[in-house]
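The values are calculated or read from the model by the stated rules, or taken from the named source; none is laboratory data. The model shown is predicted, which means the values in this text are computed figures rather than measured ones. Quick reminder, even Gly has a Cβ in these numbers, built from the backbone with ideal geometry, and neighbours come from all protein chains shown.
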Amino acid sequence: MSFITDEMVEAAINAQSKVAECWPKEAMRAALGAAMKAAWRPIEEAPKDGTLVMVRDCFGVQPAYFDADPSLDDFLAICDEGEGVPEYKQYLAENPGLGWVSFGREEVEYLSPTHWMPLPPSPEQEGV
């Protein structure tokens, strides 16, 4: 998965062309900002195969991965003979942000993100 998408390039070109002739630094800043904004995608489009990505929820941005139905396992542990399982599966289906996991300072955190983007590439390191 490439970090730089066609949508990011188009957003950068459009933003840069509006101010390029008079203010080149401001044009580049606008282009880079537009490209970064275009990198965010709806959470429904995120990979659900355990790939680590950046997610955004109401608390900010952090790395996370999708763990299929972690809250269903918790629910099954406390439900009585499967009562409520169909309703809970429906709830999970209607809330696609559920199932996202990140690591907090002390423990695993379950998130409800609204958007995601691929991790940026790592910096190049000499001699590694």
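A few remarks follow.
Conditions (1) modelled with pLDDT of 80 or more; (2) surrounded by 14 or more Cβ atoms within 10 Å (Cβ to Cβ); (3) hydrophobic (A, V, I, L, M, F, W, C), marked per residue:
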{"site": "Ala15", "(1), (2), (3)": "no, yes, yes"}
{"site": "Met54", "(1), (2), (3)": "yes, yes, yes"}
{"site": "Gly60", "(1), (2), (3)": "yes, no, no"}
{"site": "Pro63", "(1), (2), (3)": "yes, no, no"}
{"site": "Asp67", "(1), (2), (3)": "no, yes, no"}
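- Positions within the stretch 75-119 being at pLDDT below 75 and part of a strand (DSSP E or B), in sequence order: Phe103, Val108, Glu109, Tyr110
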